[in-house]
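J.: Questions regarding the structure given below will be posed in turn.
The values are calculated or read from the model by the stated rules, or taken from the named source; none is laboratory data. All of these numbers come straight from a predicted model, not from anything done at the bench. All Cβ positions, glycine included, derive from the backbone under ideal geometry; neighbour counts span all protein chains shown. With ligands, DNA and RNA removed, areas are computed over all heavy atoms of the protein, side chains included. Shrake-Rupley method; radii C 1.70, N 1.55, O 1.52, S 1.80 Å.
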Amino acid sequence: MTKREFQDRLKNACAAVAAAEAELTEIDSKFGDADHGLTMSKIAKAISAAAGESEGAEGGIQSMLDDAATAVMALNGGSAVPLWNTWLDGMQEEAPEGDEIDVAGIKAIFARAFTELDDMSGAKVGDKTMMDALIPASQ
């Protein structure tokens, strides 16, 4: 996969999260303070903007993911911000400096991101956290 293909997939995933803002807010209103949709939308938009800014820029996949992690960390958004920053930072630590990544490389960046996040979170599948999606994706 090229950096451009990786960017496109990342931006598409972020667009889906941003589009689900109202649904995420509704769910959170039943269990929390109804800010999760807004927070996730802000995070998704920051990641997408960072990925978009790296189009045509110097630096490969690692640089793009580092920029995304930095953009997320600059946000105000409760506990979700450091969790997503940790995940993205873990990805960039394993990502290639160049513009190409293969399946083994994708598996490696997901595994590293999971390890970094697991060290912070400790949540397991079924705990109703982001780990419900990230653990299976990392496996």
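J.: If Thr70 satisfies every condition in (1) surrounded by fewer than 21 Cβ atoms within 10 Å (Cβ to Cβ); (2) of a type in the set (Ser, Thr, Tyr); (3) over 12 Å from the mean Cα position of the chain (by Cα) but one, which is the exception?
T.: With respect to (1) surrounded by fewer than 21 Cβ atoms within 10 Å (Cβ to Cβ); (2) of a type in the set (Ser, Thr, Tyr); (3) over 12 Å from the mean Cα position of the chain (by Cα), Thr70 is out only on (3).
J.: State whether the residues of segment 39-47 include one that is open to solvent by 50 Å² or more (accessible area, probe 1.4 Å), farther than 17 Å from Ala95 by Cβ and not hydroxyl-bearing (Ser, Thr, Tyr). Please lay out each step first, then the result.
T.: Filtering segment 39-47 for residues open to solvent by 50 Å² or more (accessible area, probe 1.4 Å) gives 42, 45.
Narrowing the set further to residues that are farther than 17 Å from Ala95 by Cβ leaves 42, 45.
Next, only the ones that are not hydroxyl-bearing (Ser, Thr, Tyr) stay: 42, 45.
Yes, because at least one residue in segment 39-47 is open to solvent by 50 Å² or more (accessible area, probe 1.4 Å), farther than 17 Å from Ala95 by Cβ and not hydroxyl-bearing (Ser, Thr, Tyr).
J.: Turning to a different aspect of this structure: If you check every pair at least six apart or on different chains, which have Cβ atoms under 6 Å apart with a residue in segment 11-40 that is over 22 Å from Ala51 (Cα atoms) first and a residue that is assigned to a helix (DSSP H, G or I) and open to solvent by 60 Å² or more (accessible area, probe 1.4 Å) second?
T.: Leu24/His36; Asp28/His36
J.: In segment 91-139, which residues are assigned to a loop (DSSP other than H, G, I, E, B), modelled with pLDDT under 95 and of a type in the set (Val, Ile, Thr)?
T.: Val125, Thr129
J.: Write out, first by first residue and then by second, each pair whose Cβ atoms fall under 7 Å of each other, whose residues are 6+ apart or on separate chains, and whose first residue, in segment 54-67, is touching a residue at least 24 places away in the same chain (Cβ under 8 Å) while the second is in a loop (DSSP other than H, G, I, E, B) and surrounded by 19 or more Cβ atoms within 10 Å (Cβ to Cβ).
T.: Ile61/Ala95; Ile61/Ile101; Gln62/Ala95; Ser63/Ser54; Met64/Ser54; Leu65/Ala95
J.: Quick one: is Asp102 in contact (Cβ under 8 Å) with a residue 40 or more places away in the chain and open to solvent by 40 Å² or more (accessible area, probe 1.4 Å)?
T.: Details: in contact (Cβ under 8 Å) with a residue 40 or more places away in the chain: yes; open to solvent by 40 Å² or more (accessible area, probe 1.4 Å): yes.
It is true that Asp102 is in contact (Cβ under 8 Å) with a residue 40 or more places away in the chain and open to solvent by 40 Å² or more (accessible area, probe 1.4 Å).
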